Amino acid sequence: MSAAVERRTGYEALGLHPVINACATLTKLGGSVMPPAVVAAMADAARCFVDLEELQRRVGARIAELTHNEAAYVSSGAAAGMVLATAACTVGMDREAHARIPRLDTVKNEIIVQSVHRNGYDYAVRQVGVTVVDVGGPHGTSREELEAAFTDRTAAVFWFQGAMNAPGELPLEQVIQTAGRRGIPVLVDAAAQLPPVENLWRFTRMGAALAIFSGGKDLAGPQSSGLVLGRADLIEACRFHGNPNQSIGRPMKVGKEELMGALAAVERYTRLDHAERMRGFEETVARWVERLAPVEGVAARRDFPNEAGQPVPWALVTFDNEATRDTVVDRLRSGDPSVAVAKAGAAAIHLNPMTLQPGEADVVLERLLDEIGTSIRRCD
Ligand SMILES: *Cc1c(COP(=O)(O)O)cnc(C)c1O
């Protein structure tokens with residue numbers, strides 16, 4: 001039995017069909033597929049008991065070394081890392097205040113966020129009990145607006161990196177400078193900011209106190225893992241609030257399997273030949289565009305960068321109208337094999353090579369050519 005078939009057995013026993021993901025490292029599609037080295041590390045970790053706190057420390061030390069950071073903590077996803085980072089910057093290791101979470105009336109409890117950065121993931125910050133102080137407006141933020149937002153209750157500035165970045169935002173360098181003069185830490189949600197691999201140290205080298213990444217996106221670690229990287233004192237406070245300690249992080253358990261899986265993923269990712277991988281993505285996109293461009297009823301071209309701002313090419317396929325696009329997307333998803341693609345603008349789709357497994361790029365192309373043929377014939 002081939003590995004691909006074996007992989008599917010468990011899901012199919014439940015009546016679920018695997019999805020070919022030409023969309024992105026979407027949580028709702030499973031994040032990413034773990035490479036064999038990560039699966040092996042998790043299986044190995046599952047075979048015996050171990051001191052979990054000591055394991056978290058040793059894994060953290062090694063990940064810090066690999067990512068050129070002072071310290072590291074493995075959380076149960078980037079969102080959980082944001083919860084712990086927020087607790088670290090407000091409550092710190094204060095035992096009295098920690099017992100009162102989410103009532104933070106005895107500590108600095110204001111987190112500054114630029115209005116343009118507000119998004120669904122800020123729930124992770126808010127659940128700690130902080131007050132999110134919005135700065136700026138829908139078009140951006142000025143330095144003066146940020147300056148005016150600091151009070152004696154300011155605990156941190158949260159910066160979101162990704163689809164929410166907007167031309168009018170106050171740049172990260174300036175935010176770090178402005179906050180730094182007051183001794184206020186800047187926390188960066190960089191959940192989907194890999195590649196490039198250098199981002200693992202770029203934000204913290206710029207002066208961010210912590211940078212937070214998903215373990216289950218391009219890093220291809222366990223889906224329920226995340227990395228908090230940066231200042232040792234704040235990482236220590238993350239530990240204080242994290243499982244197995246009884247605090248806000250106790251429900252966000254990271255098991256020994258996830259810890260060893262996350263470490264294996266970082267070991268692999270920091271050694272990968274990223275240039276070679278990028279050449280592979282370019283070849284895939286070029287092949288897609290070459291085959292799709294002459295097809296009647298669609299236009300196809302290379303697009304760059306992708307929605308999360310990752311420096312990865314993808315293909316933009318534009319249809320004559322929205323209805324045809326929607327029909328094709330639905331039929332790709334409900335067909336066999338099921339293919340997930342991202343809608344783009346009014347009548348286009350994006351095809352992303354990043355999340356495809358070997359051999360799937362051609363399957364995506366054939367399925368798409370098939371559905372385009374069917375849908376366009378039908379509309380005639
Ligand atoms: C995916 C994502 C998160 C959440 O990461 P998890 O690892 O799924 O918890 C947070 N912020 C942004 C911008 C993301 O893209």
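Report, ordered by chain and residue number, the lysines lying within cross-link reach of Lys28, taken as a straight Cα distance under 28 Å and ignoring same-chain residues fewer than 8 apart.
The reachable lysines, counting only those whose Cα sits under 28 Å from Lys28, are Lys217, Lys253, Lys256, Lys343.
Looking only at Ala208, Ala232, Ala293, which one moves most when the chain is put into a Gaussian network model with springs between Cα atoms under 10 Å?
Ala293
To the nearest 500 deg cm²/dmol, what mean residue ellipticity at 222 nm is calculated for the chain from DSSP H runs of n ≥ 4 alone, each contributing -39,500 (n - 2.57), summed and divided by the residues?
Values: 14 runs with 158 residues, N = 380.
One gets -12500 deg cm²/dmol as the mean residue ellipticity at 222 nm.
Using Cα pairs closer than 8 Å and at least 6 residues apart in sequence, work out the relative contact order for the chain, in percent. The partial results should precede the final answer.
Values: 714 pairs, mean separation 82.3, N = 380.
Worked out over the chain, it gives 22 percent.
For helix 322-334, what angle does its Cα long axis make with the longest principal axis of the chain, in degrees from 0 to 90 and rounded to 10?
80 degrees
In the Gaussian network model of the chain, springs joining C-alpha atoms below 10 Å, which of Leu55, Leu172, Leu14 carries the largest mean-square fluctuation?
Of the options given, Leu14 has the highest mean-square fluctuation.
Please report, in debye to the nearest 20, how large the charge dipole of the stretch 36-271 is about its Cα centre when each Lys and Arg carries +1 at its beta carbon and each Asp and Glu carries -1 there. Kindly include the intermediate steps, with their values, before the conclusion.
Working: 24 positive and 26 negative charges, 71 e Å.
It works out to roughly 340 debye.
Can you give me the angle between helix 36-45 and the longest principal axis of the chain, using Cα atoms only, in degrees from 0 to 90, rounded to the nearest 10?
40 degrees
Which percent of Cα pairs goes in each bin when the distances of the stretch 308-380 are cut into 10 angstrom slices starting at zero?
Calculated P(r), rounded to whole percents: 19, 54, 24, 3.
Taking only C-alpha pairs under 8 Å that are 6+ residues apart, what is the relative contact order of the stretch 198-259 in percent? Could you put the intermediate results ahead of the total?
Details: 71 pairs, mean separation 14.2, N = 62.
Once normalised by length, the contact order is 23 percent.
Once the stretch 12-135 is represented by equal point scatterers at the alpha-carbon sites, with solvent omitted, what log10 I(q)/I(0) does the Debye formula produce at q = 0.19 Å⁻¹?
After summing over all Cα pairs, the log10 values are -1.20.
With all distinct Cα pairs included, what does the Kirkwood hydrodynamic radius of the chain come out to in Å, to one decimal, could you say?
Working: mean 1/r = 0.0451 Å⁻¹.
After inverting the pairwise mean of 1/r, the radius is 22.2 Å.
Who wins for biggest fluctuation among Val289, Val363, Val107 in a Gaussian network model of the chain, springs between alpha carbons below 10 Å?
It is Val363.
Just want the ordering: Glu145, Glu290, Glu258, Glu360, from fewest to most Cβ atoms lying within 10 Å of their own Cβ. Walk me through the intermediate numbers first.
Numbers: Glu145 16, Glu290 10, Glu258 25, Glu360 19.
The fewest-first ordering by Cβ neighbours comes to Glu290, Glu145, Glu360, Glu258.
Values in this text are rule-based calculations from the coordinates and carry no lab data. Not measured: the values here are computed from a predicted model. Positions of Cβ are generated from backbone atoms using ideal geometry, with glycine treated the same way; all protein chains shown enter the neighbour counts.
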